[in-house]
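A short write-up of the structure that comes next.
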Amino acid sequence: MVSTEGLGRLAIVLVVLATFAVVGVALFVVYPTTLTELFGVLIALVIAGVGVRVGGNIASSLFPGYNVAEVAVEGPITRDGGGRSFPPSPRGTTADEVVEQIDRADEDGNVDALLLKLNTPGGEVVPSDDIRLAAERFDGPTVAYATDTCASGGYWIASGCDELWAREGSIVGSIGVIGSRVNASDLAEKVGLSYERFAAGEYKDAGTPLKELEADEREYLQGIIDDYYETFVERVSDGRDMDAEFVRDTEARIYLGERAHELGLVDELGTRREIEDELADRLAVEDVTVQEFEPERPLMARVGAGAQQCAYALGAGIAGLADEREFRLRT
């Protein structure tokens, strides 16, 4: 049975289509000129097609047909989506774009709830926290759901949502922080390279790969990791209403969804359809319709993204160049 909204949208499309068709025929068929005698019918059809598009946009704005927004966080979480790597990976999650999508969904008067789809092994600390804060700002129910993986930074983000759902086979957890550096001092010595220090500030070059770490430098860098870890524990403890000691006791382990649910790291186990049924009950509606929100990118940016994917596919086998960052930190 066709709904009232569906009939309304159809009526608007038909009215706008008829209007554009009449205008097209009037301009290019009823009152032809020499040029339009050859191309009038074709141009009229093009105008009619534009009318369908315009009518569809108008109908969608008046009868949106959705009441839940879905925003996806997929792949490693970074500020720029991994664009600084060589070759640049097109698969990373750009945190700023995810935040923009959540904020746009929050401002959309048709959206009553947010589904945050998580399939990520984690990533950079501050971009993960930016997404978590955006989820906390959303005015309405927020449900995070893990598909394949919700680990580390993904779990950090989930701590800002009202609930976390997962599948029985989902990988969940890894509540910890890792920092790494490449120690190339032995290699440098073998090839005749030496490190000469010019720095202001005792720890400015701590972690430089061309020299061995001093004991106090190691302690300094470990202190940064520990501070981030305490912040992570605090976020999870507050957001998930868990005891901080229990969070520490996980020792950054990962768990399958079923075990994570038993431990309380996951609220519910279920499929996407079951999540939608739960949201329908919570919103007191017969059913929910989910609209996937995607980044708003200009045409040239979309073309550039496609070119980047091609470049990545061609260059993925090339040996990577050394990363500019000497000490890398991620959740």
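With the requirement that a residue be in a helix (DSSP H, G or I) and either closer than 18 Å to Y155 by Cα or in contact (Cβ under 8 Å) with a residue 24 or more places away in the chain (or both), what does the stretch 252-273 give you?
G257, E258, R259, A260, H261, E262, L263, R272 - these are the residues of the stretch 252-273 that are in a helix (DSSP H, G or I) and either closer than 18 Å to Y155 by Cα or in contact (Cβ under 8 Å) with a residue 24 or more places away in the chain (or both).
Of all residues in the stretch 101-129, how many are closer than 27 Å to T289 by Cα and over 10 Å from the mean Cα position of the chain (by Cα)?
The qualifying residues number 13.
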(message) Looking at V172, V111 in this structure, which one is touching a residue at least 40 places away in the same chain (Cβ under 8 Å), touching a Phe, Trp or Tyr at 6+ places or on another chain (Cβ under 6 Å) and surrounded by 19 or more Cβ atoms within 10 Å (Cβ to Cβ)?
(response) V172
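Here's the yes/no breakdown for (1) outside any loop (DSSP other than H, G, I, E, B); (2) acidic (D, E); (3) in the same structural domain as H261 (by TED's automatic domain parsing); (4) within 22 Å of L265 (Cβ to Cβ):
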{"residue": "D103", "(1), (2), (3), (4)": "yes, yes, yes, no"}
{"residue": "D129", "(1), (2), (3), (4)": "yes, yes, yes, yes"}
{"residue": "L133", "(1), (2), (3), (4)": "yes, no, yes, yes"}
{"residue": "E136", "(1), (2), (3), (4)": "yes, yes, yes, yes"}
{"residue": "G140", "(1), (2), (3), (4)": "no, no, yes, no"}
{"residue": "G154", "(1), (2), (3), (4)": "yes, no, yes, yes"}
(message) Can you tell me which of (1) within 27 Å of V236 (Cβ to Cβ); (2) more than 22 Å from the chain's Cα centre (by Cα); (3) surrounded by 14 or more Cβ atoms within 10 Å (Cβ to Cβ) is the one Q222 doesn't meet?
(response) (3)
(request) Would you check which residues across the stretch 183-215 are acidic (D, E) and surrounded by 11 or more Cβ atoms within 10 Å (Cβ to Cβ) and list them? (result) E189, E202, D205, E212, E214
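The values are calculated or read from the model by the stated rules, or taken from the named source; none is laboratory data. Please read all numbers here as calculations on a predicted model, not as lab measurements. Cβ: placed from backbone, ideal geometry, glycine included. Neighbour counts: every protein chain shown.
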